[in-house]
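The values are calculated or read from the model by the stated rules, or taken from the named source; none is laboratory data. Computed from a predicted model, the values in this text were never measured in an experiment. Note that we place each Cβ from the backbone using ideal geometry, even for glycine, and neighbour counts take in every protein chain shown. Calculation scope for accessible area: heavy atoms of the full protein, side chains included, ligands and nucleic acids excluded. Shrake-Rupley method; radii C 1.70, N 1.55, O 1.52, S 1.80 Å.
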Amino acid sequence: MKCNFFKLLAIALLAIMVQNGIAQSQQLPVNIDQLSDEQLMQYIGMANGSGMSEADIEAKAKQKGLSDDQIQKLKQRIQRLNVSNYAAGSKNNLSDSGDFRKSVAIKKPSSNDYYSSGELRIFGSDLFTKDNLTFEPNLQIPTPRNYLIGTGDQINIDLYGYSDANFKLKVSTEGTIRIPNSGPVKIAGLSFEDAQQKIKSQLAKIYPQIASGKTAVQISLGQIRSIRVTLVGEIRQPGTYTLSSLATIANALYVSGGPNRIGSYRNIELVRNGKIVSTFDLYDFLMKGDLTKNTRLEDEDIIRVSPYEERVYLNGAIKRKAIYEAKKGETLQQLLTIGGGINELGYKDFVRVVRIGKNQKEIITVSADQFNRFLLQSGDSCYIDYVSNRFKNRVMIEGAVFHPGAYSADNYPTLKDLLAIAGITEEAYQTRAILSRRSDNYIPQMMDFNVADILQGKNNITLQKEDAVRIFSIFELKQNNIVNINGEINKPGDYSFIEGMGVNDLVLLAGGLKESAPGSKIEIARRNKDTGSAKQKDNYAIIQVVDIDKNFDKNSSKEFKLEPFDIVSVRKNPNYKEQIKVKIEGEVMYPGEYTLENKSETLTDLIKRAGGFKPTAYVDGAMLLRNTFTDSLDAVLIDDKIQSAKNQTLKADSASVNGILLNSITKSQKIVGIRLGKAIEKPYSLNDISLLEGDILRIPVVPTTVQTFGAVYVPKKVVYRQGLGFKNVVNESGGFLNTASTKKSYVIYPNGEISSTKSFLWFRHYPKITPGAEVYVPLRVKRTTTQEVVAIGSAAASIAAVTVSLIYLIRSF
């Protein structure tokens, strides 16, 4: 950032030195405060490609008289300007290509900055928002012969031939150049052509060979000077601007942002020495490309933009919808010409004009023969109608024809002609079609006809404009015929019925049979269409069982033909078995998934296949998870119980719900209470249950703690030890809360079994405690007292009495 700042400082100092003509020995009497932001920006742009280092430029400035205070002021000025793009080495100055407005640090206006009325914009306003149209002066052309030389211009003199010399001389503030070995030559105020002659005459005195032709002279204009131009009046950013001496009126307008909301685009005056020397009309450029009045500017020129005198609105079917500025005496025809003329959809017989009168508005209908005579007034709103969307000779046809669409009733006056050109398709329903017609008052009417009779010439109808013919397809008039296949098939679902389709065909369309399909026992359910007979009236469907050839032999006698809406069910081979997998987790030698050998395989069989238990296995805490139906009654009851346990526990301690039962299973899995230890002791007993698909057997590590939940003071984990009882666990958790329901306490064991507290008279028997057990103490359910019941009853009786009184009072009225 610091480097960029000193780069800007160096560029600015160099620019100030160059601008003030201190190439050789002059001092630098510069007042930093008198420099405008525009000048400073332009100086940066002009000197950006100097090639000198920053230190050299600052030392040069001090040498020429710029004090430390002035340099400090210049630093502060640069810091306040947003000119970081110059620090990067860009060359946005008047002599370079690019956006001309950037040269003088003027913010480019957006198209939304300009006055608009609804969707209409002032014609010409977007001229000053386009990046690719800057009116930047072309510095790559020969110097115009009538260019006036002024202070700051650089004159390049090249001598070649007998004598060889080259000079680059800048016009001083006195308007002179100093040719080496000659006195000063005053050329300021002369045209470039006159200055050339004067310089050649002066050089001939020093170089006699010029007169003899042995030495040739070429004089050109090098770096051109800057001029100051003031823009006043209805301009978007009025003020004084420093521009190139080749700049024109259009350059200055672009730099200043163009006319403002009320500024004129057709009356732009150039004032020089107190006199109007030129009036520029932007419409000449926009409409004709004429820039003859785009006069080149001189120093101290003033450009004045007056307020508009007349503006009119042009909308509707016109090529350029806009707000246009009109001159006195201009006609509607001239306005239409400026707007590009009426477009192809426009109604050309008249134009509607809304005119603002003294007290109210009025509508004027201007016919086409009056366009040249109708004079415009400021505020006129001209609207060009569109032609009607109706057709004078259109007829239409759609449906089962080869070429649907609109046709000319002049070319095809009868229905037979129209059907012949549109072409009836093979699937067209020829018994009946529809012709929609408009009556004389445009009310829709409908009439039908026989397509076959029209085509055979037995009948015909003369068409009228806007007639619409609809030819139906036989497929439109039929229900969508489908057949369905399900069961042991690769792609079950609905398929479109095709005449002649057989069961084998449908099976092929459905991707063939699965391995589990036997090929026999294919059941077909057919709609009962004979509902009128007494025998069939109560039947929903006709069921047939067929066999199919699994090789789909075309000549097989097992082919059965289908009808629409048949349902084909492919049954599964009753002897076909798929592999059934179970899973064992935890403290066994080889945990993982296992495939059952037969349906009688039990828990102990799975333990043997898994290599037995690890030494750390807690056999009595083994848990079996089994997939169940979540909508069964048992599952609902279990879910409710688990949810109730969760709710009761959350009320007591919201951070303690992390038990085995409450959080280790999903809704699709239910715990099966098993006693694996007894099953191991006695294999194939009642405790050694058979496994089912999806079973998960979990063998935990031997636990060392017992955990409490719910209505105890400090729910915690208690280290298990021999002889640990229910009350011991509760006491080590701080004891029961006053709101605890001790008689409803229960214990959940690691294997999923639940044991509740038993009560007999005044005695309670609490569940035993084993390693890994979880103790749950619910909250006591608050019961309604006798006093509360009496109070509620009294309130209800009072409300009932008031209600009865209100009813009698309403009836009395």
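Each peptide in 366-378, 418-430 receives the mean, over its residues, of other Cβ atoms within 10 Å, and ordering these scores from highest gives 418-430, 366-378.
A 1.4 Å probe run over the range 397-458, with the rest of the protein chains in place, finds 58 Å² accessible per residue. Pairs from the table (LYS577/LYS670; LYS491/LYS561; LYS581/LYS678; LYS321/LYS465; LYS319/LYS392; LYS458/LYS529) lying more than 30 angstrom apart at Cα are LYS321/LYS465; LYS458/LYS529.
Annotated for the range 186-297: lysine pairs at least 8 residues apart or interchain, Cα distance under 18 Å, count 6.
Given the pairs LYS514/LYS599; LYS599/LYS717; LYS614/LYS727, which are separated by over 30 angstrom at their Cα positions? Over 30 Å Cα-Cα: LYS599/LYS717; LYS614/LYS727.
Using the beta-carbon distance between LYS743 and LYS577 and R0 = 56 Å, what value does 1/(1 + (r/R0)^6) give for FRET efficiency, to the nearest 0.05? So the FRET efficiency works out to roughly 0.65. Give me the net charge for the shell around ASP440: Cβ to Cβ below 13 angstrom, other residues only, Lys and Arg +1, Asp and Glu -1. Neighbourhood net charge equals +2. Length available on full extension from TYR590 to GLU681: 0.36 nm per residue minus the Cα-Cα distance, which gives 30.6 nm.
Relative intensity of the range 243-342 on a log10 scale, I(q)/I(0) at q = 0.19 Å⁻¹, equals -0.96, per a Debye sum over C-alpha point scatterers of equal strength in the absence of solvent.
Averaged per residue, the range 255-360 has 49 square angstrom of accessible surface, using a 1.4 angstrom probe with ligands and nucleic acids left out. Residues in the range 721-760 average 51 Å² of solvent-accessible surface per residue, probe 1.4 Å, ligands and nucleic acids excluded.
Taking the protein heavy atoms of the range 260-350 in the context of the full set of protein chains, the accessible area attributed to carbon and sulfur is 48 percent at 1.4 Å.
Round to the nearest 0.05 the FRET efficiency obtained for ILE276 and LEU375 when R0 = 30 Å and r is the Cβ-Cβ distance. After rounding, the FRET efficiency stands at 0.65. Taking the protein heavy atoms of the range 716-813 in the context of the full set of protein chains, the accessible area attributed to carbon and sulfur is 62 percent at 1.4 Å. The packing ranking of peptides 599-608, 269-278, 572-581, highest mean first, is 599-608, 269-278, 572-581, where packing means the average number of other beta carbon atoms within 10 angstrom of each residue. Fully extending the segment from LEU806 to TYR386, taken as 0.36 nm per residue of separation minus the present Cα-Cα distance, adds 144.2 nm. The calculated FRET efficiency for the pair ASN731 and GLU515, based on their C-beta separation and a Förster distance of 51 Å, comes to about 0.20. Subtracting the Cα-Cα distance of ALA796 and LYS288 from their residue separation scaled by 0.36 nm leaves 173.4 nm.
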